[in-house]
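To start, the structure under review is shown below, and the notes come after it.
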Amino acid sequence: ADLAKGEIILARDRMGIKPLYVWESGGVLLFSSEVKSFLAHPAFKAELEPDVLDEYLMFRYCADEKTLFKGVRQIPPGHFLRIRPDGNVLEKYWSLPPREAWPGGGELGAANGVVEHLKRSVGLRLISDVTVGCQLSGGLDSSLLSVMAARNTKSELDAISITFEDPNLSEEKWMDRVREVEPITIHKFPLSDDYFFENFGRATWHLDQPLNHPNSVGILKIAEMAKPLVTVLLSGEGADELFAGYSRFPAALLLNGLAPVMPLLQPLFRARVGRIGSFFSEGSMDIGDLVAAGSAFLWPDACRALRPEFKLDSALASRRDIFARTEGDFLGRCVDYELTTYLRDILVRQDKMTMAHSIEARVPYLDHELVEYARGIPSKYLANSGVFGPPERRTKKVLKQVARSYFDDEFVYRKKSGFPLPLKSYFGDPRFKELMEDRLLPGIRDRGVFENKAVEKSWRMQNGGSDMDV
């Protein structure tokens, strides 16, 4: 606040690591990091924003500043809101910088630059008056951070991890491999059916919206278990978006390469069951739409079954605008799209689940100098669209080159897990079935937002749910 100028400035960090919501009506302006805070003011009434339902249903979140609450919006990352008596002004102070010409050095040179920037970033985020630990999933990104952090601390680093009884889901053996590279105290905590059931509602409450990522409950568990041990956790969020780590990046490259013959292939795609086939059935062949489809949760046919008035154009409107504003070569545009859309959603999840237990999550991969450097790396060092060989060799290439200095190739080039949960087991719990039958399904029916018969049919067909890769 600047009393001399009579103004208040609300600012959000460059990448959207922390959320910031505002609501304004009738001369009242409310701001908070949690929407539920607004309920304390008599002027605020929690109402559903119907204009975002199509997008939310398809993608599980809103890509721009809108939220599920009418009139509540997020301050965009890299912006500040200047609040004055004569009117409020939203101003941008940072954006993804233009990509500059690569000075050379090949993939090894790019990897060396990443190491330099990442070490610096980790070192800065270890500066604290309280104990700092790592959120270790066993995946490549958090494992690399843990080793770098461990080599930059005087005492043995604490890492907090979640395990599962199902060996197909648990990455415990990879966590142990991290400890072989660098001495780390790994605290492992099982995520049980009991915990999921008992904290499903609590995680939803902290999130201020439907639980769009089931593994949010896992992050909540990590934060709860971390609290007696550390106050700050380093997280690997952002690496997949910045360095093209998702399988949808090579898929998008392949589709873009097929663009000249796409009209001839459209009947073939239409015959497929799934997101891309469903998009083609809608008549859309725009490459931006297909990029968006890569991170969609439901395809149009499924959305329309749940909400007959669903419109694909409505679901894609803000995303088309975002993709149209991206610059550079095609993969660079896809990276920018992910940094501007999906990343913001998972950062909100990370922040709210950790802050539920007063744990501060720090995100070394999103240091702005590292982000600016990474944007200059040629796309060929990030991902390629090859159709032969394991997909693990086609994504996040430069970061995997970095990781090879710390881990062997078996560790680096294994199949990506993505923190899936055994939802079939959780949903099969008699208590969850009772919750679904007695409260959730009747609530969906009474509100009338979605077709309750379609929801009930899906629930019955799954016999209490199925495992999902989230």
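The values are calculated or read from the model by the stated rules, or taken from the named source; none is laboratory data. From a predicted model like this one, the values you see are computed outputs, not experimental measurements. Positions of Cβ are generated from backbone atoms using ideal geometry, with glycine treated the same way; all protein chains shown enter the neighbour counts. Just the protein is used for accessible areas: all its heavy atoms, side chains included, with ligands, DNA and RNA removed. Shrake-Rupley method; radii C 1.70, N 1.55, O 1.52, S 1.80 Å.
At a glance:
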read-out	value
Pair list, Cβ < 6 Å and 6+ apart or interchain, from the range 157-171 residues that are charged (D, E, K, R) to residues that are at pLDDT 95 or above	Asp158/Gly133; Asp158/Thr185; Asp158/Leu229; Asp158/Val230
Hey, Ser95 modelled with pLDDT under 95 and within 23 Å of the chain's Cα centre (by Cα) or not	yes
The range 33-81 - residue that is part of a strand (DSSP E or B) and out of contact with any strand residue (DSSP E or B) (no Cβ under 7 Å at 6 or more places or on another chain) and, of those, least open to solvent (accessible area, probe 1.4 Å)	Phe69
Residue that is at pLDDT 90 or above, part of a helix (DSSP H, G or I), surrounded by 19 or more Cβ atoms within 10 Å (Cβ to Cβ) and not acidic (Asp, Glu), where the choices are Phe280, Phe249	Phe249
Residue among Ile377, Ile444 that is over 26 Å from Ala226 (Cβ atoms) and assigned to a loop (DSSP other than H, G, I, E, B)	Ile377
Selection within the range 1-32 - in a loop (DSSP other than H, G, I, E, B), modelled with pLDDT of 95 or more and open to solvent by 60 Å² or more (accessible area, probe 1.4 Å)	Arg14, Lys18
Residue count, the range 84-111 (criterion: out of contact with any helix residue (DSSP H, G or I) (no Cβ under 8 Å at 6 or more places or on another chain), open to solvent by 50 Å² or more (accessible area, probe 1.4 Å) and among the small types (Gly, Ala, Ser))	2
Among the candidates Gly78, Gly113, residue that is touching a residue at least 40 places away in the same chain (Cβ under 8 Å) and within 26 Å of Tyr56 (Cα to Cα)	Gly78
The range 237-246, residues that are farther than 12 Å from Asp367 by Cα and part of a loop (DSSP other than H, G, I, E, B)	Phe243, Ala244, Gly245, Tyr246
The one condition in (1) under 22 Å from Leu423 (Cα atoms); (2) surrounded by fewer than 22 Cβ atoms within 10 Å (Cβ to Cβ) that Thr231 fails to fulfil	(1)
Some residue of the range 390-413 being open to solvent by 10 Å² or more (accessible area, probe 1.4 Å), touching an Asp or Glu at 6+ places or on another chain (Cβ under 7 Å), more than 30 Å from Gln74 (Cβ to Cβ) and in a loop (DSSP other than H, G, I, E, B)	yes
Residue check, Ser417 modelled with pLDDT under 90, surrounded by 14 or more Cβ atoms within 10 Å (Cβ to Cβ) and over 21 Å from the mean Cα position of the chain (by Cα)	no
Residue in the range 332-352 that is open to solvent by 30 Å² or more (accessible area, probe 1.4 Å) and outside any helix (DSSP H, G or I) present	no
Residue that is nearest to the chain's Cα centre (by Cα) [pool: residues in the range 112-124 that are of a type in the set (Gly, Ala, Ser) and either open to solvent by 40 Å² or more (accessible area, probe 1.4 Å) or within 27 Å of Glu171 (Cβ to Cβ) (or both)]	Ser121
Residue match in the range 313-320 (condition: open to solvent by 10 Å² or more (accessible area, probe 1.4 Å), hydrophobic (A, V, I, L, M, F, W, C) and within 27 Å of Leu220 (Cα to Cα))	no
Meets criteria (open to solvent by less than 10 Å² (accessible area, probe 1.4 Å), of a type outside the set (Ser, Thr, Tyr) and modelled with pLDDT of 95 or more) for Ile127	no
